[in-house]
Amino acid sequence: MTSTEEPGDAVRIADPARPPWREPGMPALLAMTTFAFAGFAVMLPVAPMHMVALGGDEFLAGLVNAVLMLATILTQLVVERMRTWMGWRVSLALACVLLGLPAIGEIFATTPGQILALAAVRGIGFGIVTVSGSSAVGALFPPERRGRAIGAYGLAVAGAQLVLTPISPWIADQAGLPVALAVAALPLAGIPFALAAGSAITKHARAAAALLGGAGPVRDPLETPREERRALVRLWPPILALTVVTCAGGAITTFTPQFVPDAVLTVVALFLYTAAAAFARWAVGGPADRLGARRFVLPGLAIVALGLAAIAASIAGIAGPAAPALLIAGAILVGTAFGTMQNVTLVRAFEVAGEHAKGVASTAWNVAFDAGTGIGALAIGALAAGTSFALSFAALSALCLLAGILLLFIGQRERSAAA
């Protein structure tokens, strides 16, 4: 089967007067995304909890999400090629299946190896849905409308996470792991919406091809590996910024139930972190379209570094009785920066890669996002096992500051060379 999902510049058939969430294909895409990320949101903290319940230590708990992200990244590298013969409908529906069924399978898991294997399967599904989702937004909307469109898509990504990421550890504690794992099968409910979204995107691409005067598929003019390498070189600044910020996100969502002893405080911290991320990703869309996404990258890195430092100070007990308030403040700061950077780095990736390389930009961005999440989970788990969570988060704060300084220095050199 072949597909016609690459409409190139003909994405301008989208109506500029229509809100992005009402663009044909977007409602189904947003619904599918909500269900897909609902399962992901539940499993991100619950699967490491399950590993601990089976006797694993902090390293094995972090390894669960590291394996998830490794499988995600390896899948993301081939999603664009896979979709050319599988098509939008099948690939999106398959993603929902691979995200939902392993959650049911984990109810019956009894060994750490089984949990890791199921995490790998979920990673394949997550790799498909992440690249396909951002590629769909890039295909449906022209550059000048992508900030708002990515903001709307970000709300779908974060909507279920806003509720399920903070509450799923509580569900697992109060109702039991099997109940939480059953909730994590929600991606299966997204299959009908995946099929509808795939049909709409393909129809859009055919209309785009007709506008260009061709009957066949419209391909990106990225013809050679050399051109692909050039696009990847241009992408490294936003990709670096995204990676370090998602390291922070991976550490928080994986280990908050471990370094916060109070279950209520865990729910509050994760809820506010996710809420801040969701709001920031949506709210920054309009300003990024008007002012340029690049303006928001360095402030985002500074904010996440400050938030991580606050969390480290809270864990270390430096603030005394104010430690819970400091933890909440840190979670809000990191969430705000996390959501902002999700939006502006993707917009920036599309900008620097060029319209001919939207697929390369989408793949690179998603690989960086999930690599950062996995590295954050694994590295913080390994460091905390040998030292403490306080030192681990302090080191991560320093890493974000160093990345910001490097990007500031590179930006100054580029401006000097252009002058």
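The values are calculated or read from the model by the stated rules, or taken from the named source; none is laboratory data. Note that this is a predicted model, so its numbers are computed, not measured. Because the Cβ atoms are built from the backbone with ideal geometry, glycine has one as well, and the counts that use them run over all protein chains shown. Only protein heavy atoms, including side chains, enter the accessible area calculation; ligands, DNA and RNA are left aside. Shrake-Rupley method; radii C 1.70, N 1.55, O 1.52, S 1.80 Å.
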>> Among the residues that make up the stretch 348-362, is at least one of them open to solvent by 10 Å² or more (accessible area, probe 1.4 Å) and modelled with pLDDT of 85 or more?
In response: yes
> Has the stretch 210-225 got at least one residue that is open to solvent by 60 Å² or more (accessible area, probe 1.4 Å), at pLDDT 60 or above and of a type in the set (Asp, Glu)?
Replying inline: no
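Is the stretch 15-35 home to any residue that is modelled with pLDDT of 80 or more, out of contact with any helix residue (DSSP H, G or I) (no Cβ under 8 Å at 6 or more places or on another chain) and open to solvent by 40 Å² or more (accessible area, probe 1.4 Å)?
No.
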>> Can you go through Met43, Met69, Met49 and tell me which one is surrounded by fewer than 24 Cβ atoms within 10 Å (Cβ to Cβ), in contact with an Asp or Glu (Cβ under 9 Å, 6 or more places away or on another chain), assigned to a helix (DSSP H, G or I) and in contact (Cβ under 8 Å) with a residue 24 or more places away in the chain?
In response: Met49
> Of all residues in the stretch 52-64 being open to solvent by 10 Å² or more (accessible area, probe 1.4 Å) and part of a helix (DSSP H, G or I), which is nearest to Trp88 (Cα to Cα)?
Replying inline: Leu63
> Taking the stretch 279-315 on its own, how many of its residues are over 16 Å from Ala248 (Cβ atoms) and open to solvent by less than 60 Å² (accessible area, probe 1.4 Å)?
Replying inline: 10
>> Are there helices (runs of 4 or more DSSP H) fully within the stretch 272-389 with at least 2 residues that are in contact with a strand residue (DSSP E or B) (Cβ under 8 Å, 6 or more places away or on another chain) and without any contact (Cβ under 8 Å) to a residue 40 or more places away in the chain? List them.
In response: none
> For Arg81, are the conditions met, namely being at negative phi, free of Cβ contacts under 8 Å to residues at least 12 places away in the same chain and open to solvent by 60 Å² or more (accessible area, probe 1.4 Å)?
Replying inline: yes
> So Gly198 clears everything in (1) under 21 Å from the mean Cα position of the chain (by Cα); (2) surrounded by 24 or more Cβ atoms within 10 Å (Cβ to Cβ); (3) modelled with pLDDT under 85 except one condition, right? Which one?
Replying inline: (3)
